[in-house]
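Every read-out reported here was derived from the displayed coordinates using simple, explicitly stated rules and does not represent laboratory data. Quick caveat, the model's predicted, so the values are computed rather than measured. Quick reminder, even Gly has a Cβ in these numbers, built from the backbone with ideal geometry, and neighbours come from all protein chains shown.
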Amino acid sequence: MTTVPMVDLNDGHAIPQLGFGVWQVPNEDAQAVVAEAFRVGYRSIDSAKIYENEKGVGDAIAASGIPRDELFITTKLWNDDQGFDNALRAFDASLERLGLDYVDLYLIHWPSPHRGLYAESWKALVRIKQEGRARSIGVSNFTTANLQRILDETGEVPVLNQIELHPRFQQKGLRAFHAEHNIETESWSPLGQGKLLDDPAIADIARKHGRTPAQVVLRWHLDNGLITIPKSATPSRIQENFQVFDFKLDQHDLEKIATLDDPAGRIGSDPDTATF
Ligand SMILES: NC(=O)c1ccc[n+]([C@@H]2O[C@H](COP(=O)([O-])OP(=O)(O)OC[C@H]3O[C@@H](n4cnc5c(N)ncnc54)[C@H](OP(=O)(O)O)[C@@H]3O)[C@@H](O)[C@H]2O)c1
């Protein structure tokens, strides 16, 4: 079976570089979809309270028979659960839905700056980590200013920041800040939600390597040292997205994809202005 490379985190733990995202997988389908991902070889699953499928993910984990220490399970604190006490309660509820006694990674889903609670929430995650109930803690959709604030207030460095990142939105500035602070970058919507797979430059590179556009884009994430979590509910694509460890992009391919970066290429919300 293919071995997925592990990325060392700043707290001594390690995360598989390729994982499996489950946003928009309905709870009733989650057990079967995650079981298929496990069958193919994924061991890292990215869920969240707001995805409303932690129960289905937990059922797949329980049914899999895979030893717990071979899995890497991530879930996230939703925005309206922010604040110290609320975050502790929300974490307990997520663990219960997952049927686990610890998660590998717990993330603050969005900074949600209009609430003014992300620094308090981060202190709750530090507590949860000290209790051993989350092995690692991190954030998602944090800007450099949000990151700087939690560093200043707690000194606790998130292991990673999970952000929108794909060839059309490469986040070079934020990645440089991460590198400076030993924070890993995890790409969400790595395939641009499927929208960038018909890009002519990607299609050319795919033809050259005898690969699919999705495989080229995922290889681009891996070749850039990013952690990534593509989602698919389609068995053939779940497999296709995992078959990316037997080729590499060359310098010319990487330079071509670098030109696709676009400051207006964001698909999801801007964390600074999102009102949820
Ligand atoms: N932290 C955050 O705020 C945040 C936000 C968004 C996402 N995420 C995480 O990131 C994960 C991935 O992002 P995403 O789900 O937004 O988008 P994505 O992984 O970039 O793309 C998923 C879409 O692409 C399609 N697809 C997948 N593989 C394909 C292939 N080989 N060929 C053609 N189409 C393919 C899927 O269709 P089918 O499913 O129909 O096959 C689905 O419509 C999420 O599931 C979630 O875990 C986090």
Give me the net charge for the shell around Glu184: Cβ to Cβ below 13 angstrom, other residues only, Lys and Arg +1, Asp and Glu -1.
-3
Footprinting proxy, Trp220, Trp122: sorted fewest to most Cβ within 10 Å, the residues are Trp220, Trp122
For Met1, Met6, ascending order of other Cβ atoms within 10 Å (fewest first) is Met1, Met6
List every residue whose amide H lies under 5 Å from the amide H of Trp188, counting only residues 5 or more places away in sequence or on a different chain, with H placed 1.01 Å from N in the peptide plane.
Ile163, Glu164, Leu165
If a paramagnetic tag sat 7 Å from the Cα of Asp69 along the Cα-Cβ line, which residues of the range 1-37 would have the backbone N under 19 Å from that point?
4, 6-9, 11-16
Please report Arg97, Arg89 as a ranked list, fewest other C-beta atoms within 10 angstrom at the top and most at the bottom.
Arg89, Arg97
What is the sum of charges, Lys and Arg at +1 and Asp and Glu at -1, for the other residues whose Cβ falls under 12 Å from the Cβ of Gln170?
+1
How big is the Kirkwood radius of the range 90-211, worked out from every pair of different alpha carbons and given in Å to one decimal?
16.1 Å
How much of the DSSP beta bridge set in the chain is antiparallel, as a percent to the nearest 5?
15 percent
Under a point-charge model restricted to the Cβ atoms of Lys and Arg (+1) and Asp and Glu (-1), what is the dipole moment magnitude of the range 23-95 relative to its Cα centre, in debye to the nearest 20?
180 debye
Could you check the spin-label model distance between Asp262 and Thr144? Points 7 Å from the Cα along Cα→Cβ, value in nm.
2.4 nm
Flagged links, alpha-carbon separation over 18 Å, of Lys208/Lys248; Lys49/Lys76; Lys172/Lys195; Lys231/Lys256; Lys76/Lys172:
Lys172/Lys195; Lys231/Lys256; Lys76/Lys172
Tally Lys and Arg at +1 and Asp and Glu at -1 over the other residues with C-beta under 13 Å from the C-beta of Ser140: what net charge comes out?
-2
Need the C-alpha centroid separation for the range 33-100 versus the range 206-260, integer Å.
26 Å
Cα-based Rg and Dmax for the chain, in Å, come out at 17.9, 54
State the extension gain, in nm to one decimal, for the chain segment bounded by Ala62 and Asp204, taking 0.36 nm per residue of separation less the distance between their alpha-carbons.
46.9 nm
Among Leu151, Ala87, Gln171, flag the residue with its Cα farthest along the positive direction of the charge dipole of the chain, charges on Cβ as +1 for Lys/Arg and -1 for Asp/Glu.
Gln171
Gyration tensor on Cα atoms of the range 165-225, a ≥ b ≥ c root eigenvalues, a/c under 1.5 rounded, else prolate if a/b beats b/c, else oblate, says prolate
Net dipole in debye of the chain [+1 Lys, Arg Cβ; -1 Asp, Glu Cβ; about Cα centre; nearest 20]
300 debye
About the Cα centre, charge dipole magnitude for the range 1-139 (Lys/Arg +1, Asp/Glu -1 at Cβ), debye:
240 debye
Quick one: if the Förster radius is 30 Å, what FRET efficiency do Phe84 and Ser269 give, using the C-beta to C-beta distance and rounding to 0.05?
0.75
